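> Please find one structure pasted underneath; my questions will follow.
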Amino acid sequence: MDLLRFATAGSVDDGKSTLIGRLLYDSKSIFEDQLESVELASKSRGNDYTDLSLLTDGLRAEREQGITIDVAYRYFATPRRKFIIADTPGHEQYTRNMVTGASTADLAIILVDARKGLTEQSRRHATIASLLRVPHVVLAINKMDLVDWSEDRFEEIYRDFADFSSKLDIPDLTAIPLSALLGDNVVTRSAHMDWYGGTSLLHHLEHVHIASDRNLQDVRFPVQYVIRPQQSAVQDYRGFAGQVASGIIKVGDEVLALPSGLTTTVAAIDGPNGPLDEAHPPMSVTLRLADEIDVSRGDIICRVGNHPAPTQDVEAMVCWMDADAMTVGRKLGILHTTRMARALVKDIAYQLNINTLHRDTDTHELGLNSIGRVKLRVTTPLLLDDYDDNRTTGSFILIDEATHRTVGAGVVRGT
């Protein structure tokens with residue numbers, strides 16, 4: 001059974017948490033004690049109905065304000081597929097949390113209130129989904145019950161979004177009219193919108209094709225840990241553990257270890273349940289190599305004729321996540337796959353207005369929740385791919401060296 005990771009995004013009160021609650025409730029993925037807790041919380045707030053949004057708004061501050069602040073992760077499964085949901089905040093000041101939730105998503109659900117239509121946050125989240133190369137986007141036009149299930153209103157909002165997204169890189173866009181509160185078109189088809197010829201949201205999530213989204217051509221295996229048991233029973237065991245970022249690795253393949261440049265072959269692949277003939281993303285395995293070559297944490301194992309070029313000059317789109325602005329000359333830690341280095345901010349080329357897509361070249365810093373193009377110089381060569389080719393080796397995080405806080409996230413993409 002395969003796994004689909006998806007993130008929800010949209011403006012405040014568009015119904016993201018209610019939608020996730022409805023998915024969990026109607027797919028029978030809620031324990032009885034969870035439902036009882038939500039029912040009690042709903043009554044304490046004076047609601048005459050069960051507020052399913054409380055299933056995901058787990059923080060006390062979220063329940064008191066009726067908003068989502070942090071990224072709430074939930075897990076459920078149907079007979080066809082497993083799901084990991086990232087319910088991301090709607091407020092502009094929590095844009096960084098949306099970046100966090102969407103960074104590993106296969107699909108993004110962008111909710112729009114049918115009464116309000118597209119908002120700045122709708123455009124903001126569509127732009128972020130495009131920058132993060134989320135392969136599939138669902139435009140969920142919610143609260144259709146409050147516009148009398150109007151087909152004209154649905155088509156109007158869809159046209160507005162399609163016009164805006166035509167400037168972005170969204171390869172697969174699907175629009176679904178629904179009512180999260182009442183359950184129409186969430187798990188089952190709606191009887192109120194017979195003009196809609198598509199499927200319910202859950203049916204789409206179960207059947208959207210994601211296997212071809214993975215890069216199975218370029219072998220990239222970042223080494224996370226070197227396993228040397230030092231026990232008499234396995235005295236000569238030397239394995240390199242990590243998660244396959246892309247490509248297919250088979251026993252007997254000739255491989256290259258970077259940055260050393262040494263070549264060898266794969267002698268064995270050990271999985272959680274025993275030996276394997278091959279490994280593919282996102283499997284976590286241990287590789288054993290035929291030769292005793294020097295490979296350490298942070299190195300990357302790849303194909304001899306297909307490998308990234310080491311570089312100390314990094315140019316990337318960065319989402320800044322810290323209250324203290326990013327400025328030219330600032331020194332930061334940078335974590336790329338499993339390799340840690342130090343970085344110097346050499347230049348901030350522009351800040352992107354993600355509502356209008358305008359590039360402000362007059363800026364000299366990036367403030368909290370800003371996104372811009374940045375040039376970095378790193379102390380240790382990094383093995384970077386273009387983010388469009390590999391979301392793992394084409395991304396990194398920036399760390400404040402004094403506090404060890406994550407202060408930025410970057411993706412390597414062409415201009």
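The values are calculated or read from the model by the stated rules, or taken from the named source; none is laboratory data. In this text the structure is predicted, and so the values were computed from the model without any measurement. Every residue, glycine as well, gets a Cβ built from its backbone with ideal geometry; the counts of neighbours run over all protein chains shown. We work out accessible area using only protein heavy atoms, side chains counted, and drop any ligands, DNA or RNA first. Shrake-Rupley method; radii C 1.70, N 1.55, O 1.52, S 1.80 Å.
> State the number of lysine pairs found in the chain whose Cα atoms come within less than 16 Å, restricting to pairs 8 or more positions apart or on distinct chains.
7
> With +1 on each Lys and Arg Cβ and -1 on each Asp and Glu Cβ, how big is the dipole of segment 104-195 about its Cα centre, in debye rounded to the nearest 20?
Taking the Cα centre of segment 104-195 as origin, the dipole is about 360 debye.
> Write down the radius of gyration of the chain and its Dmax, each obtained from C-alpha positions, in Å.
23.2, 74
> Another question, then. Along each principal axis of its Cα atoms, how long is segment 289-395 end to end? Whole angstroms, biggest number first, please.
53, 26, 19
> Still on this structure: Antiparallel versus total DSSP beta bridges in the chain: what percent is that, nearest 5?
75 percent
> While we're on this one: Please name which of 320, 84, 403 has its Cα lying farthest along the dipole of the chain towards the positive end, using unit charges on Cβ (Lys, Arg +1; Asp, Glu -1) and the Cα centre as origin.
Most positive-ward Cα: 403.
> Taking only the C-alpha atoms, wrap a convex hull around segment 334-415 and report its volume per residue in Å³ as a whole number.
Roughly 106 Å³ of hull volume per residue.
> Rounding to the nearest 10 and keeping the result within 0 to 90°, find how far the Cα-based axis of helix 151-165 lies from the longest principal axis of the chain.
For 151-165 against the chain, the angle is about 30 degrees.
> How much of the accessible area of the chain, probe 1.4 Å, is carbon plus sulfur, in whole percent?
Reported share for carbon and sulfur atoms: 47 percent.
> Now, a different point. In Å, the Kirkwood hydrodynamic radius of segment 215-286 over pairs of distinct alpha carbons?
So the Kirkwood estimate lands at 12.8 Å.
> A further question on this structure: Can you tell me which of 240, 76, 221 moves the most in a GNM of the chain? Springs connect C-alpha atoms under 10 Å apart.
Maximum fluctuation in the GNM of the chain, among the listed residues, is at 76.
> Can you show me the helix-derived [θ] at 222 nm for the chain, built from DSSP H runs with n ≥ 4 at -39,500 (n - 2.57) apiece and divided by the number of residues, rounded to the nearest 500.
-5000 deg cm²/dmol
> Which parts of segment 263-282 would a label at residue 227 reach, counting a residue when its backbone N lies under 18 Å from a point 7 Å out along Cα-to-Cβ?
Under 18 Å, as judged by backbone N against the label point of residue 227, lie 266-282 of segment 263-282.
> Largest first, what is the accessible-area ranking of 145, 236, 322 with a 1.4 Å probe?
From most exposed to least exposed: 236, 145, 322.
> Could you give the angle, 0 to 90 degrees to the nearest 10, between helix 32-44's Cα long axis and the longest principal axis of the Cα atoms of the chain?
50 degrees
> Please report, in whole Å³, the volume per residue of the convex hull around the C-alpha atoms of segment 180-339.
Output value, Cα hull per residue: 240 Å³.
> In percent, what relative contact order does the chain have, based on Cα pairs under 8 Å that are 6 or more apart in sequence?
12 percent
> Follow-up question, since we're still on this one. Could you pull the Cα extents of segment 260-306 along its three principal axes, largest to smallest, in whole Å?
Result for segment 260-306: principal-axis Cα extents of 31, 21, 21 Å.
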